[in-house]
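Some notes on the structure that comes next.
The values are calculated or read from the model by the stated rules, or taken from the named source; none is laboratory data. Keep in mind that this is a model prediction, so the values were computed, not measured. Don't worry about glycine lacking a Cβ; one is built from the backbone with ideal geometry, like all the others, and counts go over all protein chains shown.
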Amino acid sequence: MSRQVVEQVLQVVKEMDCITLNFLLTKIILKIMASRLIFLSALVAILHCPMMGQMVFPFCQGNLYGLVSEKGTIILSPRYDAIKLSEHPAQSEVFVVYHQGAYGLVDKTGKEVVPPKFDNMFYRGAGFAWYYNDNYHERGLHVISSRERKEVYHSDSLRLIEILGQGKYFGEIYNGKTGHTSLINESGKIVIPDIHGKVSIEFTDYDCPLIILGSISKPFF
């Protein structure tokens with residue numbers, strides 16, 4: 001394998017976001033384990049990835065919580081009653097915070113994305129966070145893109161029921177009146193409306209989402 005090809009592979013990997021990189025690296029290892037050169041190039045790219053080594057975690061001092069990096073740098077001085085650790089801390093772009101009886105959202109730089117003034121806030125560690133104006137009846141949905149750190153979707157009557165994808169994420173929005181769902185992307189745009197039945201997402205070797213609607217597969221570009 002020529003040096004030029006290796007350099008091209010390395011450059012492509014460096015330009016990927018880290019979540020997508022980790023996902024694709026697993027496939028690279030399985031498919032071309034024999035090529036130690038490409039594997040080594042991918043590992044070097046990870047070391048250059050700015051998000052790696054910058055994982056952020058909640059910490060407690062006294063009775064208040066803040067954020068600290070894995071290197072011990074305080075990102076956010078303790079100021080909240082609680083900060084929730086997500087299900088996937090390595091992928092977390094935002095954190096659910098609780099203060100004085102209300103929930104909000106901060107990003108991993110410590111910036112407040114949603115002030116703590118709601119009685120609910122949901123975040124599973126990737127893709128989207130969301131809350132309802134009326135959590136009991138699940139009305140007044142607000143969806144925040146964790147990557148863009150802003151609200152991207154709002155509905156008075158629909159519910160968010162699932163986060164799909166890996167590296168690239170989609171939100172599954174449910175319509176209780178019709179029993180159908182729709183998919184929104186991370187910009188809040190509805191990419192597939194009025195889905196009837198089960199929906200799932202897989203990724204091809206080219207990182208192209210393959211949306212599976214029941215028994216029908218539809219490439220999405």
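Being within 12 Å of PHE170 (Cβ to Cβ), in a loop (DSSP other than H, G, I, E, B) and either modelled with pLDDT of 80 or more or among the polar types (S, T, N, Q) (or both) is the filter here, so list the residues in segment 180-221 that pass it.
Across segment 180-221, the qualifying residues are ASN185, GLU186, SER187, GLY188, LYS189.
Exactly one of (1) touching a residue at least 24 places away in the same chain (Cβ under 8 Å); (2) within 19 Å of MET121 (Cβ to Cβ) is unmet by LEU183. Its number?
Unmet condition: (2).
For segment 109-129, which residues satisfy the criterion of being touching a residue at least 40 places away in the same chain (Cβ under 8 Å), touching a Leu at 6+ places or on another chain (Cβ under 9 Å) and among the hydrophobic types (A, V, I, L, M, F, W, C)? Working first, answer last.
In the first step, residues of segment 109-129 are kept if they are touching a residue at least 40 places away in the same chain (Cβ under 8 Å); the result is 110, 126-128.
With the extra rule that they be touching a Leu at 6+ places or on another chain (Cβ under 9 Å), the set shrinks to 110, 127-128.
Of everything in segment 109-129, just one residue is touching a residue at least 40 places away in the same chain (Cβ under 8 Å), touching a Leu at 6+ places or on another chain (Cβ under 9 Å) and among the hydrophobic types (A, V, I, L, M, F, W, C), namely PHE128.
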